[in-house]
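The values are calculated or read from the model by the stated rules, or taken from the named source; none is laboratory data. A quick note: this is a predicted structure, and the numbers were derived from the prediction, not measured. Here the Cβ is made from the backbone with ideal geometry for all residues, glycine too, and neighbour counts use every protein chain on show.
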Amino acid sequence: MITLLSITLLVLLLIIGRSRGFKTYITLYLGIFLIILYLLLMKSGLNPIILSIIICMLATLSTLFIINGVNIKTKTSFVSIMIVLLFIFTLIFIIVKRGNIQGFSMESLEAIGGYSYDIGTNMIDVMIGMYLICIIGTIIDTSISISSAMNEVLENNQHLNSKELFKSGMNVGRDIMSTTINTLYFAIIANFIGFFLWHRGATFEYVLNYKAFDQEVIQLLISFIGSIMIIPITAYISSITLKRKKIFNFKEKKQDR
Amino acid sequence: MIELILYGDKMSKKFKIEIMILILFSLVSIIFVYNDHFLYKTPIMKVTEVKNGTKNSEMFKETYYNQEIKGIIKNGKYKGKEIKINNLVSKTGVYGDIVEKGNELLIEMSKTGEVNELIGVKRDKYLVILLVLFIDSIILVAGKKGVQTLISFFINIIVSAIAIFIFQKKFTTLNLLLLYIGVSVLFIVLSLFITNGKSKKTLSAIISSIASLFISFGLAFLIVKIYGGELSIWSMEYIEAVYDYENFFYVTILLCGLGAIMDISITISSSLNELIEKDPKIKKSALIKSGREISKDIVGTMTNVMLYTCYTPIVPMVFLAIKNNMKLFDALTFYGEVDLIAVFTSSISIVLAIPISLFIAIHILKPSKKEVQE
């Protein structure tokens, strides 16, 4: 059945997006491949955190450079994404470690009951890695939208200084932000329905401190924080790099004459 | 707000006050959640000492920590009492909590004050810290728009909570799918209305979101119904608790792409609106062309968002399974099939939403020839 859905998606993408649509399709499968690669390499005993950072870099590179090509916009986005990733990593590391967010809770007991827990890899690391890969998609999305839009703005208004350029980048970012938050919220809300059906009659303090609930909420909140933080960072770096590139090009043209 | 900080412009008095309020609010919430023991009915203990003994269980081969934990109770009848508790936890942390010094634990006590068992770590403070970070960053980055987004977000949460509450009460008689189709329409109307205000643009976005939702969900529903076969629905989390399990699966699919559909609709209708306002005589074909250009840019990264957000959470479960010698492909099918279906169906919704939104936006936004002449 997944094959059928996948073919339907391919056909639709080709009709709507032509070659760009095909690239989207390839990137989607590359993403799935990267997640599988993450699992396999982790199984062979490599450190999940270091691996997840490498996977995030590969995911960023493939999405940015396949869909949008290698240029100043994508390079700027790449740098901004790495900065945000570093920040989120620090945040997540502290919270997962102190809050014992790793592993499974009661409702999964049946599913994990038959398995040995002696897997030789610390679940804390697996959890941190998972969170990092989880948020990479939304950060890429926001970042590339902002840097492309800023590039467009500069093309049309060459006289803008870097401060004005930064402001217009922030405006674009704000417009994207509210819809991104919606998208992320609905993408995982279905899990909450199941959770509350399972824990019918649970008290507020029980739910609030419950591991499975907190895992979902933390995923949601760090994706939010990541997708908001990327806005000023991309806008600021783009405002410098794009402007510098413009001056540089201008000088080159002068020399040609 | 952030422009002012970065470029060192003069801060207005109003701005200074707003920043002060934000800092005050953050500090108060965090201090509060670190001292909210009095609100809890469950006894909480603060860990003062942890001794880690290793113990090898004979049933399995795995290594366990046998933690001997000492601590002081922070609330309730036995406040101030020193207690001991044992905690058996696997070294890899697959199940249970690895307690450290300084942690606060929720415990179960009998009426006579004897310690029964450990419930878990007190995690509310981490949620509040993240929530405060989220609220602060959204207001700093987006100002007024950030507040609007927050309001719309909290209204969405309230609507979801009410829907879940209704369903909790009547879960055997109510049709989950029908309830959530209704709730989805409500979600669309509320969130687009709050963040974009009353205008033709919003109307167009609302209509195209609803139309895209029904068409794409209908398509997904048909494909699953006809070619469904043996779905590993039973591997879905919480499925045993859901009476109406087949519909629970459809609701998962329905909700997963909902936000993305709204995103596409509002992007297309606001950019077409922009074009029409600049040039009311713009041709229909030109509108379609630029609409497609805009959407091409979004689709690629949007499908990626769905993939990483919805598919990555299967990692811990699949990892545990393959470490226990389950074949990778089997584990992915068993634990990840439903999530992958959700990724594909929401990607299909994203792509389908483009022509639908374009069609509706052109019909609603484009003034008729008469209006242009006037």
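Does residue A:36 satisfy the condition of being aliphatic (A, V, I, L, M), within 23 Å of residue A:92 (Cβ to Cβ) and at pLDDT 90 or above? Spell out how you get there, then give the answer.
Values: aliphatic (A, V, I, L, M): yes; within 23 Å of residue A:92 (Cβ to Cβ): yes; at pLDDT 90 or above: yes.
The answer is yes for residue A:36.
I need the full set of residues from the stretch B:97-138 which are more than 7 Å from chain A (Cβ to nearest Cβ) and either crowded, with 22+ Cβ neighbours inside 10 Å or hydrophobic (A, V, I, L, M, F, W, C) (or both), in order please. Write out each step before concluding.
First pass over the stretch B:97-138, keeping only residues more than 7 Å from chain A (Cβ to nearest Cβ): B:99-105, B:107-119, B:125, B:128-129, B:132, B:135-136.
Answer for the stretch B:97-138, where residues must be more than 7 Å from chain A (Cβ to nearest Cβ) and either crowded, with 22+ Cβ neighbours inside 10 Å or hydrophobic (A, V, I, L, M, F, W, C) (or both): B:99, B:105, B:107, B:109, B:115, B:118, B:119, B:128, B:129, B:132, B:135.
Out of curiosity, is residue A:62 small (Gly, Ala, Ser), in the same structural domain as residue A:135 (by TED's automatic domain parsing), touching a residue at least 60 places away in the same chain (Cβ under 8 Å) and in a helix (DSSP H, G or I)? I'd like the intermediate steps shown before the answer.
Values: small (Gly, Ala, Ser): yes; in the same structural domain as residue A:135 (by TED's automatic domain parsing): yes; touching a residue at least 60 places away in the same chain (Cβ under 8 Å): no; in a helix (DSSP H, G or I): yes.
Judged against the criteria, residue A:62 is not a match.
Restricting the stretch A:182-223 to residues that are over 15 Å from residue B:242 (Cα atoms) and not in a helix (DSSP H, G or I), which is nearest to the other protein chains (Cβ to nearest Cβ)? Don't jump to the end; show me each part of the working.
Going residue by residue through the stretch A:182-223, those that are over 15 Å from residue B:242 (Cα atoms) are A:182-189, A:202-223.
Next, from what is left, pick out any that are not in a helix (DSSP H, G or I): A:202-203, A:209-210.
Details: A:202: 10, A:203: 7, A:209: 5, A:210: 7 Å.
Per the criteria, the residue is A:209.
Can you name the condition, by its number, that residue A:205 falls short on among (1) closer than 30 Å to residue B:162 by Cβ; (2) crowded, with 21+ Cβ neighbours inside 10 Å; (3) in contact with a Ser or Thr (Cβ under 7 Å, 6 or more places away or on another chain)?
In the conditions (1) closer than 30 Å to residue B:162 by Cβ; (2) crowded, with 21+ Cβ neighbours inside 10 Å; (3) in contact with a Ser or Thr (Cβ under 7 Å, 6 or more places away or on another chain), residue A:205 misses (2) alone.
Across the stretch B:299-339, what is the total count of residues that are more than 20 Å from residue A:222 (Cβ to Cβ), buried (at least 20 other Cβ atoms within 10 Å of the Cβ) and touching a residue at least 40 places away in the same chain (Cβ under 8 Å)?
So the answer is 5.
Could you tell me whether any residue of the stretch A:140-151 is part of a helix (DSSP H, G or I), surrounded by fewer than 17 Cβ atoms within 10 Å (Cβ to Cβ), modelled with pLDDT under 90 and not hydrophobic (A, V, I, L, M, F, W, C)?
Scanning the stretch A:140-151, I find no residue that is part of a helix (DSSP H, G or I), surrounded by fewer than 17 Cβ atoms within 10 Å (Cβ to Cβ), modelled with pLDDT under 90 and not hydrophobic (A, V, I, L, M, F, W, C), so the answer is no.
Quick check on my filter: what residues within the stretch A:35-54 are of a type in the set (A, V, I, L, M) and facing another protein chain (nearest Cβ under 10 Å)? So that I can check it myself, show each step before the final result.
The first filter runs over the stretch A:35-54 and keeps only residues of a type in the set (A, V, I, L, M), leaving A:35-37, A:39-42, A:46, A:49-51, A:53-54.
Once the filter is applied, which keeps residues that are of a type in the set (A, V, I, L, M) and facing another protein chain (nearest Cβ under 10 Å), the stretch A:35-54 yields A:35, A:36, A:39, A:40, A:42.
Filter the stretch B:153-175 down to the residues that are closer than 18 Å to residue A:188 by Cβ and exposed (fewer than 12 other Cβ atoms within 10 Å of the Cβ), then identify the one that is nearest to the other protein chains (Cβ to nearest Cβ).
B:154
Quick one: would you say residue A:95 is modelled with pLDDT of 85 or more, touching a Phe, Trp or Tyr at 6+ places or on another chain (Cβ under 9 Å), surrounded by 17 or more Cβ atoms within 10 Å (Cβ to Cβ) and under 30 Å from residue B:294 (Cα atoms)? Outline the logic, then answer.
Numbers: modelled with pLDDT of 85 or more: yes; touching a Phe, Trp or Tyr at 6+ places or on another chain (Cβ under 9 Å): yes; surrounded by 17 or more Cβ atoms within 10 Å (Cβ to Cβ): yes; under 30 Å from residue B:294 (Cα atoms): no.
No, not satisfied.
Yes or no: the stretch B:84-91 includes at least one residue that is among the small types (Gly, Ala, Ser), touching a helix residue (DSSP H, G or I) at 6+ places or on another chain (Cβ under 7 Å), free of Cβ contacts under 8 Å to residues at least 40 places away in the same chain and within 7 Å of another protein chain (Cβ to nearest Cβ). Spell out the reasoning first.
Here is the first cut: in the stretch B:84-91, the ones among the small types (Gly, Ala, Ser) are B:90.
Still in the list and also touching a helix residue (DSSP H, G or I) at 6+ places or on another chain (Cβ under 7 Å): none.
Checked against the condition, which is being among the small types (Gly, Ala, Ser), touching a helix residue (DSSP H, G or I) at 6+ places or on another chain (Cβ under 7 Å), free of Cβ contacts under 8 Å to residues at least 40 places away in the same chain and within 7 Å of another protein chain (Cβ to nearest Cβ), the stretch B:84-91 yields no hits at all.
Can you give me the number of residues within the stretch A:26-65 that are over 15 Å from the mean Cα position of the chain (by Cα), under 25 Å from residue A:122 (Cβ atoms) and of a type in the set (A, V, I, L, M)?
Selection size over the stretch A:26-65: 10.
Just give me the residues in the stretch B:109-130 being assigned to a helix (DSSP H, G or I) and in contact (Cβ under 8 Å) with a residue 12 or more places away in the chain, in sequence order.
Taking the stretch B:109-130 first, the residues assigned to a helix (DSSP H, G or I) are B:124-130.
Selection gives B:124, B:125, B:128, B:129.
In the stretch A:99-118, which residues are modelled with pLDDT of 85 or more and more than 7 Å from chain B (Cβ to nearest Cβ)?
A:101
Pull up the stretch B:139-150, narrow it to residues that are surrounded by fewer than 20 Cβ atoms within 10 Å (Cβ to Cβ) and over 17 Å from residue B:21 (Cβ atoms), then point me to the one that is nearest to the other protein chains (Cβ to nearest Cβ). Walk me through how you get there before you give the answer.
Keep residues of the stretch B:139-150 that are surrounded by fewer than 20 Cβ atoms within 10 Å (Cβ to Cβ), which gives B:140, B:143-145, B:147-148, B:150.
Of the ones still in play, those that are also over 17 Å from residue B:21 (Cβ atoms) are B:145, B:148.
Numbers: B:145: 5, B:148: 7 Å.
Filtering the stretch B:139-150 for residues that are surrounded by fewer than 20 Cβ atoms within 10 Å (Cβ to Cβ) and over 17 Å from residue B:21 (Cβ atoms), the one nearest to the other protein chains (Cβ to nearest Cβ) comes out as B:145.
Would you pick out the residues in the stretch A:103-138 that are aliphatic (A, V, I, L, M) and outside any helix (DSSP H, G or I)? Quick ask: steps written out before the conclusion?
Taking the stretch A:103-138 first, the residues aliphatic (A, V, I, L, M) are A:106, A:109, A:111-112, A:119, A:123-124, A:126-128, A:130, A:132-133, A:135-136.
Within the stretch A:103-138, just A:119 meets the criteria.
Among B:199, B:184, which is the only one that is among the hydroxyl-bearing types (Ser, Thr, Tyr), farther than 19 Å from residue B:355 by Cβ, more than 13 Å from chain A (Cβ to nearest Cβ) and out of contact with any strand residue (DSSP E or B) (no Cβ under 9 Å at 6 or more places or on another chain)? Even if it seems obvious, please write down each step before you answer.
Details: B:184 fails: more than 13 Å from chain A (Cβ to nearest Cβ).
Of the residues listed, the single one that is among the hydroxyl-bearing types (Ser, Thr, Tyr), farther than 19 Å from residue B:355 by Cβ, more than 13 Å from chain A (Cβ to nearest Cβ) and out of contact with any strand residue (DSSP E or B) (no Cβ under 9 Å at 6 or more places or on another chain) is B:199.
Determine whether residue B:71 is at pLDDT 85 or above, loosely packed, with under 12 Cβ neighbours inside 10 Å and closer than 20 Å to residue B:36 by Cβ. Walk me through it before giving the result.
On the way: at pLDDT 85 or above: yes; loosely packed, with under 12 Cβ neighbours inside 10 Å: no; closer than 20 Å to residue B:36 by Cβ: yes.
No: the conditions fail for residue B:71.
Given the criterion in contact with a Cys (Cβ under 9 Å, 6 or more places away or on another chain) and more than 9 Å from chain B (Cβ to nearest Cβ), identify the matching residue among A:82, A:150.
A:82
Could you say whether any residue in the stretch B:350-366 is within 17 Å of the chain's Cα centre (by Cα), more than 7 Å from every other protein chain (Cβ to nearest Cβ) and surrounded by fewer than 24 Cβ atoms within 10 Å (Cβ to Cβ)?
no
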